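Structure first, then comments.
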Amino acid sequence: MYLTNEEEKILDGEYGEVLRRCINLLVSLGDIYGAEKLIPISSAQISGVSYKTIKDIGLEFLEDLAKEDVKVKVYSTLNPAGMDLDLWKELGINEEFAKKQLRIIDAFKKMGIEIGCTCTPYLTGNLPKFGEHISWAESSAVSFANSVLGAKTNREGGPAALASAIIGKTPYYGYHLDENRRTTHIIELDENLISNFKYKESFYGALGYLVGKIVKNGVPYFKNLYQLNPKNDDLKSLGAAMAASGGVALYHAEELTAECKVKDVVDDKVEKIIVGVEDIKEAYENLNTTNDEPDLICIGCPHCSLIEIKKIAEILKDKKLDADLWVCCSLHIKAMADRMGYTKIIEKAGGRVVKDTCMVVSPIEDLGYKNVATNSGKAAVYLPSFCKSEVIFGDVDEIIKGR
Ligand SMILES: C[C@@](O)(CCOP(=O)(O)O)CC(=O)O
Ligand code: SF4
């Protein structure tokens, strides 16, 4: 791999051990994937923040990196942590977990990373422009950035995204190269599905689950999805579910996503998959693992937009919930939900607006929750393994029962 003089010096340790370790990681990755060089990035999004997922070994790694007082070179934000950083006691998180989580956050803060723990950084200021190279880790954010925004990133691991943030560069391979951003499968919704479609937000999670399973880590092209008029939140759910059930880091959708509006990305010879009403029905059946009532309802995977929280508040007005409810979002969106009065309505019904964390990376299994209801295809895929939960999957107004 070609390195500039400056990069060679970093690799030789002339600028200290932390920078040497970081560039070494990037060069090793580049060598494995055949990158010709490193390229500058404009932002980073770093995963591996929750103490639940990174444990003591991750905490020690981060504190070690933070020791030398090295700062990130580009705007960098964090993925959700294992708890609400302020209201962890109210959620029932134990003191030892909280202490270690706060040490992790401190280490990131020392490196100059923004401590707004969210998987929807594009809603809170980390918004890459079309064509920009970035190094992002969280798979749903990667999908949104690559697809809806037309930025360019691989699906990075947490340590690689952090190393890129510190060096300000990433190896030039994979989705940074246009030739790897072309379509591998064409997805077409059948006539019957389109003409009988009644809006359900969970539809996009179900569709994403189904397509991810088929295309694995391919690049699907949705031919006529625009006829259903999906909103940004719907595309966010679709991408998240495809990244969870498969490994989709980039998709195109006619009339909807950035790149296919300005470039030819489709090869007519690729496999075509027709999706019908029965396929979607089957996806719902697969995602539901129990008929029992939920003890926790979780909305916000990926983290909610303000519009989604508004909808929940409207559903819950003057109602009392039968189960606990977490509406997960960023600190920024929570502040707006507070100001708009949505948080109050949700709390009055017995729910919570939970920031900085989510149902997957917080230790909900230790809090005693077993049956979790969600409107997210991604959460439905991850909850059984990450949290040992049974899943009830459906639309918000179906899963929030209440009196
Ligand atoms: C499940 C996920 O959304 C969150 C957990 O990841 P991490 O602990 O932040 O690395 C990660 C992903 O899908 O990229
Ligand atoms: S809410 Fe979903 S998308 Fe966001 S970090 Fe948690 S699992 Fe990932």
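The values are calculated or read from the model by the stated rules, or taken from the named source; none is laboratory data. Worth saying up front: this structure is predicted, and the values here are computed from it rather than measured. Positions of Cβ are generated from backbone atoms using ideal geometry, with glycine treated the same way; all protein chains shown enter the neighbour counts.
Some notes on this structure:
- Scanning the stretch 186-205 for residues that are touching a strand residue (DSSP E or B) at 6+ places or on another chain (Cβ under 9 Å) and either outside the structural domain of Glu254 (by TED's automatic domain parsing) or polar (S, T, N, Q) (or both) yields a count of 1.
- Considering residues of the stretch 366-382 that are within 15 Å of ligand 1 (Cβ to nearest atom) and closer than 13 Å to Tyr209 by Cβ only, the residue surrounded by the fewest Cβ atoms within 10 Å (Cβ to Cβ): Tyr382
Every residue, every condition in (1) surrounded by fewer than 19 Cβ atoms within 10 Å (Cβ to Cβ); (2) within 16 Å of ligand 2 (Cβ to nearest atom), yes or no:
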| residue | (1), (2) |
| --- | --- |
| Val270 | yes, no |
| Thr289 | yes, no |
| Gly300 | no, yes |
| Ala313 | no, no |
| Asp322 | yes, no |
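For every residue, the table says whether it meets (1) more than 14 Å from ligand 1 (Cβ to nearest atom); (2) assigned to a helix (DSSP H, G or I); (3) at pLDDT 95 or above.
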site: Thr77; (1), (2), (3): no, no, yes
site: Leu85; (1), (2), (3): yes, no, yes
site: Lys89; (1), (2), (3): yes, yes, yes
site: Gln101; (1), (2), (3): no, yes, yes
site: Tyr122; (1), (2), (3): yes, yes, yes
site: Gly125; (1), (2), (3): yes, no, yes
site: Gly131; (1), (2), (3): yes, no, yes
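- Counting only residues that are part of a helix (DSSP H, G or I), under 25 Å from Pro384 (Cβ atoms) and not hydroxyl-bearing (Ser, Thr, Tyr), the stretch 244-290 holds 10 of them.
- Selected residue [within 28 Å of Val219 (Cβ to Cβ), surrounded by fewer than 24 Cβ atoms within 10 Å (Cβ to Cβ) and within 16 Å of ligand 2 (Cβ to nearest atom)] from Gly116, Gly150, Gly168, Gly158: Gly158
- Checking each residue of the stretch 29-43 against the condition of being within 16 Å of ligand 2 (Cβ to nearest atom), surrounded by 15 or more Cβ atoms within 10 Å (Cβ to Cβ), within 19 Å of the chain's Cα centre (by Cα) and touching a residue at least 12 places away in the same chain (Cβ under 8 Å) gives no match.
- Considering only residues in the stretch 124-140 that are under 13 Å from the mean Cα position of the chain (by Cα) and polar (S, T, N, Q), the one that is nearest to Ser164 (Cα to Cα) turns out to be Ser139.
- Residues satisfying the stated conditions in the stretch 42-69, i.e. in a loop (DSSP other than H, G, I, E, B) and closer than 29 Å to Ser362 by Cβ: Ser47, Gly48, Val49, Ser50, Lys67
- Leu85 under 27 Å from Ala145 (Cα atoms) and surrounded by fewer than 20 Cβ atoms within 10 Å (Cβ to Cβ): yes
- Scanning the stretch 148-159 for residues that are within 16 Å of ligand 1 (Cβ to nearest atom) and touching a strand residue (DSSP E or B) at 6+ places or on another chain (Cβ under 7 Å) yields Thr153, Glu156, Gly158.
- Spans of helices (runs of 4 or more DSSP H) in the stretch 296-403 with at least 3 residues in contact with a strand residue (DSSP E or B) (Cβ under 9 Å, 6 or more places away or on another chain) and aliphatic (A, V, I, L, M): 306-316, 331-340, 377-386
- Scanning the stretch 349-363 for residues that are within 11 Å of ligand 2 (Cβ to nearest atom) and at pLDDT 95 or above yields a total of 7.
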